[in-house]
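Take a look at the structure set out below.
Derivation of every value follows stated rules applied to the coordinates shown; laboratory data play no part. From a predicted model like this one, the values you see are computed outputs, not experimental measurements. We place every Cβ from the backbone using ideal geometry, glycine too, and count neighbours over all the protein chains shown.
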Amino acid sequence: MSGTAADRRPLLEVRDLTVHFPVRSGVFSRVSAWVRAVDGISFDLAAGETLGLVGESGCGKTTAGRAVLRLLEPTSGQVVFDGRDLIRMNRRELRATRPRMQIVFQDPYASLNPRMTVGDIVGEPLRAHGLARGSEFDDRVAALLERVGLQASYRFRYPHEFSGGQRQRVGIARALALSPELIVCDEAISALDVSIQAQILNLLQDLQDEYGLSYLFISHDLSVVEHIADRVAVMYLGQFVELAPVAELFREPQHPYTQALMSANPVPDPGARVVRIPLEGDVPTPLRPPPGCRFHTRCPRVMDACRTHEPPHIRTAVGSSVHETWCHLYAG
Ligand code: SF4
């Protein structure tokens with residue numbers, strides 16, 4: 001790839017992103033505790049790249065995705081988008097940057113206003129930013145619908161007239177309206193039937209090829225992430241436990257939590273020998289994460305050090321990329 005070093009700077013650089021929510025109690029609503037939903041995650045995302053973010057429900061992945069877009073306020077950290085820190089932007093700067101970053105939600109029905117026609121839903125961002133009016137507005141909405149595989153004439157219909165897969169196509173068309181560079185897909189296909197999931201995944205990949213989009217693809221489903229991601233970050237109780245190129249992670253998962261998640265993943269070959277690693281107990285509350293390694297209360301390979309000391313951050317070169325693991329097993 002040609003270009004200067006500046007050209008190769010990641011589109012998104014997230015550093016020590018932390019999101020803590022206050023818990024209030026008593027007549028004066030004093031802050032009595034903090035929910036540590038996201039606790040110091042860091043990653044880069046290149047232009048045209050897909051980073052999968054996986055973990056059990058409640059691990060903080062959705063909160064992380066929204067904090068990256070500043071749809072909720074991070075407690076601390078940096079989110080540098082195209083060289084500028086979103087967290088330090090004022091309202092006007094943020095509004096000017098917003099069109100470049102969009103989100104596709106899990107439930108396409110809940111995220112579409114049932115009283116608006118599909119044309120108005122898809123075109124709403126164009127109107128909000130004063131980018132098209134009259135016949136140009138109609139043409140752009142028609143082109144967006146056709147680009148996601150819907151007929152232009154559907155713009156006069158309402159969301160309830162569509163199937164789940166079609167509604168998600170509407171959500172994607174709306175996200176594309178402002179020609180974004182980054183899209184956060186928050187469990188974007190989880191509510192769909194398996195056959196429809198494949199169609200929407202293919203659509204997302206086609207759009208990425210065509211427009212060079214970057215995706216932060218949030219999912220609890222490892223097989224979906226394996227299909228679409230270039231690299232995968234595994235999250236547990238607000239922190240990353242492993243981050244690696246997708247083929248490397250699936251060939252050689254290092255962290256016991258990743259290994260357990262993978263062993264629970266359905267394998268298409270019924271003859272394949274799969275050793276299940278049971279994950280016992282529930283995820284502890286993010287109000288009081290366990291000391292040391294947060295996974296130690298459920299880890300089948302727990303050692304004494306895990307209960308008291310934070311795990312080291314181990315980085316191993318894999319070609320031009322890096323396999324990162326946070327675990328005492330790999331220290332020295
Ligand atoms: Fe298990 Fe210890 Fe590694 Fe945590 S640091 S995953 S408890 S072996």
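S25 versus S42, label points 7 Å from Cα toward the beta carbon: distance in nm?
3.5 nm
Nearest 10 degrees, 0 to 90: what angle lies between the long axis of helix 118-128 and the longest principal axis of the chain (Cα atoms)?
80 degrees
Using alpha carbons only, how many degrees (0 to 90, rounded to 10) separate the axis of helix 164-176 from the longest principal axis of the chain?
Compared with the principal axis, the helix lies near 80 degrees.
Enumerate cysteines in the chain without a disulfide-compatible partner, where compatibility requires another Cys Cβ under 4.7 angstrom.
C59, C185, C299, C327
Where the centroid of each part is defined by its Cα atoms, how far is segment 296-313 from segment 48-106 in Å?
Their Cα centres are 30 Å away from one another.
Just order 142-150, 124-132, 68-76 by mean Cβ neighbour count inside 10 Å, highest at the front, would you?
Result, highest mean Cβ count within 10 Å first: 142-150, 68-76, 124-132.
Please report the Cα spread of segment 206-332 along all three principal axes, rounded to whole Å, starting with the longest.
Taking max minus min along each principal axis of the Cα atoms, segment 206-332 gives 50, 34, 32 Å.
How big is the chain in terms of Cα radius of gyration and Dmax, in angstroms?
In Å, with Rg to one decimal and Dmax whole: 21.1, 69.
Indicate the gyration tensor shape class of segment 53-121 (rounded, prolate or oblate), computed on the Cα atoms with a ≥ b ≥ c the square roots of the eigenvalues: a/c under 1.5 is rounded; otherwise a/b larger than b/c is prolate and the rest oblate.
Because a/c hits 1.5 or more and a/b fails to exceed b/c, segment 53-121 counts as oblate.
Using the Karplus curve 6.51 cos²θ - 1.76 cosθ + 1.60 with θ = phi - 60°, what ³J(HN,Hα) values do you get for each residue of segment 51-62, in whole Hz, with x for Gly and Pro?
With the stated coefficients, segment 51-62 comes to 9, x, 10, 10, x, 5, 5, x, 7, x, 5, 5 Hz.
Shape call for segment 157-199 from the C-alpha gyration tensor, a ≥ b ≥ c root eigenvalues: rounded (a/c under 1.5), prolate (a/b greater than b/c) or oblate?
Verdict is oblate for segment 157-199.
If you count the DSSP beta bridges with both ends in the chain, what percent of them are antiparallel, to the nearest 5?
That works out to approximately 65 percent antiparallel.
In square nanometres and to one decimal, what's the mean projected area of the convex hull around the Cα atoms of segment 1-137?
Seen from a random direction, the Cα hull of segment 1-137 projects 12.7 nm² on average.
Using the Cα atoms of segment 88-173, I'd like the radius of gyration and the largest Cα-Cα distance, Dmax, both in angstrom.
13.5, 43
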